[in-house]
1. If we keep just the residues of segment B:102-160 that are without any contact (Cβ under 8 Å) to a residue 60 or more places away in the chain and under 18 Å from B:L75 (Cα atoms), which is most open to solvent (accessible area, probe 1.4 Å)?
2. Please enumerate the residues belonging to segment B:6-32 that are open to solvent by 60 Å² or more (accessible area, probe 1.4 Å) and more than 16 Å from A:T64 (Cα to Cα).
3. Given the structure, is B:Q45 surrounded by fewer than 17 Cβ atoms within 10 Å (Cβ to Cβ) and over 17 Å from B:I145 (Cα atoms)?
4. What are the residue pairs meeting all of these: first residue in segment A:5-26, first residue more than 9 Å from chain B (Cβ to nearest Cβ), second residue acidic (D, E), Cβ atoms under 8 Å, and 6 or more apart or on different chains?
5. Here are the criteria: (1) within 16 Å of the ligand (Cβ to nearest atom); (2) at pLDDT 95 or above; (3) under 18 Å from B:I108 (Cβ atoms). Tell me which single one A:T52 does not satisfy.
6. What pairs come up if the first residue lies in segment A:70-87 and is open to solvent by 100 Å² or more (accessible area, probe 1.4 Å), the second is at pLDDT 95 or above, and their beta carbons are under 6 Å apart, counting only those six or more places apart or on different chains?
7. Return yes when B:M1 is out of contact with any helix residue (DSSP H, G or I) (no Cβ under 6 Å at 6 or more places or on another chain) and at pLDDT 95 or above and no when it is not.
8. Given B:E162, B:E153, which one is more than 12 Å from the chain's Cα centre (by Cα) and among the acidic types (D, E)?
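The values are calculated or read from the model by the stated rules, or taken from the named source; none is laboratory data. Predicted model, so just to flag it, every value in this text is computed and none were measured. A quick note on method: Cβ atoms are made from the backbone with ideal geometry, for glycine too, and the neighbour counts reach across all protein chains shown. Heads up: the accessible areas ignore ligands, DNA and RNA and are worked out on the full protein's heavy atoms, side chains in. Shrake-Rupley method; radii C 1.70, N 1.55, O 1.52, S 1.80 Å.
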Amino acid sequence: MTDHLHDNCKALLGSLSEYIDGELPSDLCREIEKHLEGCDNCRVVLNTTKRTIDLVHITPEEQTVPDDVRERLFKRLKLDDYLNPQP
Amino acid sequence: MSITTTPEISIDALRAGDRAEFARMVDVHSALIYRLGLKMLGNPQDAEDVLQNTFLNALMHLSSFEGRSSVSTWLYRIASNEALMMLRKKQPVSIEDMQAEDSEDGLIPAIFTDWSALPESELLAGESKSAIDAAIARLPEQLKIVFILRDIEGVSIKETAEILSLTETNVKTRLLRARMALREQLSVYYGERMPRKEKND
Ligand SMILES: [Zn+2]
């Protein structure tokens, strides 16, 4: 009955995103968790997908636009008067 | 998603030609738009073009902006279109891109190395950060834009759908494909770097 198992994994993978985002109803979550207990591969896929999402967070240097880029942008928009650093 | 400490951008002030308010809008939203350009196009020069063109476009179309969507949704829509347009000029839509939406391929995981327990310091060490960026860059554009908005920038499914003129279901499907494709690539990368030690736990 490997086909059956495979279908279960496929079904789980189809709802993986929503499961990770906490958007599934609790009965579906329980069903998924039950499958995860007995399926190593799906557990790995879940954990590594979660980790993938964790890793793409914005770094501190990406929080702001570089000063020279901002300056050229303000000039292009003829907003030079407002270039002084924001409070 | 919104910056809680600053008051909402006033659409009325913008439309009345308030330059200070426009400048404030630029400062509130330019970091996200610049990052979007960087991740979509992969280089600072193109990201700067996306940034400038987005606000020039916004300035030009201010009078026709009716405020039915929020200012951020409106700006991110302009920015996304700009980035996608520039990308297509550089590299016409590939077969992979066309398949990205309906093929099942990317949805079936093939690598089951569990690297998830490695500490973040290790996962982001050395060249790993650029390997992640490169993996994002390789995503088909329609998946990449959804992934950037939702998972990197934390925009909601609903707003992502509005920005890209997609249904929420469509956004969810693309997000899943993007996440799975990226997971697969990172699994290859980290799989080659996993310490080959015996597991005792
Ligand atoms: Zn399974």
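1. Going through the qualifying residues, I end up with B:K158.
2. B:P7, B:E8, B:D12, B:R15, B:A16, B:D18, B:R19
3. In short, yes.
4. Short answer, once both residue conditions are applied: A:L24/A:E18.
5. (1)
6. These pairs meet every condition: A:R76/B:Q52; A:Q86/B:D27.
7. No; evaluated as a whole, the condition is false for this residue.
8. Of the residues listed, the single one that is more than 12 Å from the chain's Cα centre (by Cα) and among the acidic types (D, E) is B:E162.
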